[in-house]
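Presented below is the structure to which this report refers.
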Amino acid sequence: MRRNILFFIMMLLAALPALGCEPRPDVPAQPLDWFTAEATPLIAERRFSEALEILETAAQTLPDEPAPLVQMGQIYLAQHRWLLAEDAFNRALARDLQQPAAMTGLAEAIMGQGRLAEALELWQTAAQTHPQQQGVFTGLGRTHLFRLEFETARAAFVNQQEQTFDPEAAWYLAALSAPTDPAAAREQLQSLSPDQPDEPLRARRDYLLAALEAGGDDAVPASAAKAVGIAFVQAEYWPLAIYALQTAHQTAAAPDAEALSFLAHALAQAGRPALDLFEQAKHVDAASALPLYFEAIYLRQQEAFQAAEELLVRAIELDPDNGAIYAEYARTRILQGDLATAEAAYQAAVEVTDGDNRFKLLLAGFCAEHSYRMIETGIPAAVEIIEADETNAQAHGLLGWMQFLTGDLAAAETSLGQALALAPDLISARFHLARLYEARNQKEMARAEYQRVVDWDASDHFRPAALKGLQRLTE
């Protein structure tokens, strides 16, 4: 009997290393090219989860090969899943410490997490050891830019172009030239032919060209720099906005409350001290609502809700026809649990802007997000937007979600389908359509939509809930 027990314990100990581990797929040994050929069309179709499974199998069956792990990391970078990307690139570097794409990918993943000092060190190492790697100096320049080291960033972008032309580096050089030399900025942007950059970079090029057009070559230099800086604020390019608005402030004949307000806002959003600049702006123009408006946003982000609300009330008194101030007041009241006052503020924003669809969309989104007065307010607001603009995908998506929440599933499916016909990458509509299919017990259709959300949601806003949805469907 004792021998039997000892034998059982020995067998159990022998099995322990396998406990808790996923079994490896029973895939016959294949070369790297086979796995790459299997994964490539899936990546092209953005079926990233399926591609990742194949690449993980490749990484396990080819234990000395870093390439599958590099490709996995690049997929995670595209999805903005920074920690998973960091892990994949670290695994690749464990197999080949000098693998250039793994080094730059790791730097990108760490930069995406805001760990700028670590990212800078990695980019510098990569630039020293692999200066010919595509985009390595661009990455170095971007890191310096996020650290607000503007001239060092410019030098890195120039260095990139001396090594190998990179459209992204050209755009950044144009952006850094725009506040002081609009003509040079246009010339740099013209080096980007319409078919050369990818779509996001094309959009950035066109946006900067439009900002330069608005500023004009003959404008007062400080005014031109301010116009560019405000355009960067509106696009949330915070470091570039700071550079342009600092230029405007330093070259202005006299302090400008508007430039100071936008500069303070950009600094605050970049995590830098800004309260002194807000005070300066208020001192320069006590009648301006702008510094109060931006300071209130900063205070609300610091959870100083009462102080933010007081500033917004004063801003409304100074500029009662500005819908944006009412909208920020509404957001502040929402965070304090006062939905009725928030609705009234959104309604006021719509009213003072003569029914601007942008504020109607905020009103509809507020009702949908909080399941608040959808029949009375939210659905009518979405319908009004669509009647004025049938191509507004967000309005169709919000309408569909509210129809789902109020029990009209047939109408919801139609509205969500219309939203996706207009904007196939509208992640909120995909997630809400998955919820609808799940509610109808259409499991395969729900699974497909949840999977698209997991693969495509670079904001990571809906991905966690979509993963939970997939888990529910497998239970």
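Please count how many residues of the stretch 157-169 are in a helix (DSSP H, G or I) and either surrounded by fewer than 24 Cβ atoms within 10 Å (Cβ to Cβ) or without any contact (Cβ under 8 Å) to a residue 24 or more places away in the chain (or both).
Step one: list which residues in the stretch 157-169 are in a helix (DSSP H, G or I), which gives 157-163, 167-169.
Imposing the further condition that a residue be either surrounded by fewer than 24 Cβ atoms within 10 Å (Cβ to Cβ) or without any contact (Cβ under 8 Å) to a residue 24 or more places away in the chain (or both) reduces the set to 157-159, 161-163, 167-168.
Residues flagged as in a helix (DSSP H, G or I) and either surrounded by fewer than 24 Cβ atoms within 10 Å (Cβ to Cβ) or without any contact (Cβ under 8 Å) to a residue 24 or more places away in the chain (or both) within the stretch 157-169 amount to 8.
Check every one of the helices (runs of 4 or more DSSP H) wholly within the stretch 238-316 and list those with 3 or more residues that are polar (S, T, N, Q) and either crowded, with 17+ Cβ neighbours inside 10 Å or not assigned by TED's automatic domain parsing to the domain that holds Gly114 (or both). Before the answer, list the steps.
Working: elements: 238-251, 257-269, 275-284, 290-301.
It comes to 238-251.
Would you mind stating whether Ala368 is within 26 Å of Ala342 (Cα to Cα), over 20 Å from the mean Cα position of the chain (by Cα) and buried (at least 16 other Cβ atoms within 10 Å of the Cβ)? Walk me through how you get there before you give the answer.
Values: within 26 Å of Ala342 (Cα to Cα): yes; over 20 Å from the mean Cα position of the chain (by Cα): yes; buried (at least 16 other Cβ atoms within 10 Å of the Cβ): yes.
Yes; evaluated as a whole, the condition is true for this residue.
Would you confirm whether any residue within the stretch 438-445 is among the acidic types (Asp, Glu), surrounded by fewer than 15 Cβ atoms within 10 Å (Cβ to Cβ) and more than 27 Å from the chain's Cα centre (by Cα)? Yes, the stretch 438-445 contains at least one residue that is among the acidic types (Asp, Glu), surrounded by fewer than 15 Cβ atoms within 10 Å (Cβ to Cβ) and more than 27 Å from the chain's Cα centre (by Cα). Scoring Ala29 on the criteria (1) at pLDDT 95 or above; (2) within 25 Å of Asp96 (Cα to Cα); (3) among the hydrophobic types (A, V, I, L, M, F, W, C); (4) out of contact with any Leu (no Cβ under 8 Å at 6 or more places or on another chain) leaves a single failure, condition (1). Of all residues in the stretch 339-355, those being polar (S, T, N, Q) and part of a helix (DSSP H, G or I) number 2.
Give the residue that is nearest to Leu335 (Cα to Cα), with candidates limited to residues of the stretch 371-413 that are among the acidic types (Asp, Glu) and surrounded by 15 or more Cβ atoms within 10 Å (Cβ to Cβ). The residue in question is Glu384. Checked against (1) crowded, with 22+ Cβ neighbours inside 10 Å; (2) modelled with pLDDT of 95 or more, Gly215 passes all but a single condition, namely (2). Can you confirm whether the stretch 101-110 contains a residue that is among the hydrophobic types (A, V, I, L, M, F, W, C), in a helix (DSSP H, G or I), in contact with an Asp or Glu (Cβ under 9 Å, 6 or more places away or on another chain) and closer than 16 Å to Gln160 by Cβ? Among the residues of the stretch 101-110, at least one is among the hydrophobic types (A, V, I, L, M, F, W, C), in a helix (DSSP H, G or I), in contact with an Asp or Glu (Cβ under 9 Å, 6 or more places away or on another chain) and closer than 16 Å to Gln160 by Cβ, which makes the answer yes. Screening Ala183 with (1) of a type in the set (Gly, Ala, Ser); (2) under 24 Å from Ala222 (Cβ atoms); (3) surrounded by 15 or more Cβ atoms within 10 Å (Cβ to Cβ); (4) touching a residue at least 12 places away in the same chain (Cβ under 8 Å) gives one miss only, at (3).
Take Glu236 and tell me if it is more than 22 Å from the chain's Cα centre (by Cα) and of a type in the set (Asp, Glu). Taking the combined requirement at face value, the residue does not satisfy it.
The values are calculated or read from the model by the stated rules, or taken from the named source; none is laboratory data. Nothing here was measured: the structure is a model prediction, and the numbers come from that model. For neighbour counting, all protein chains shown are included, and Cβ atoms are generated from backbone atoms with ideal geometry for every residue, glycine included.
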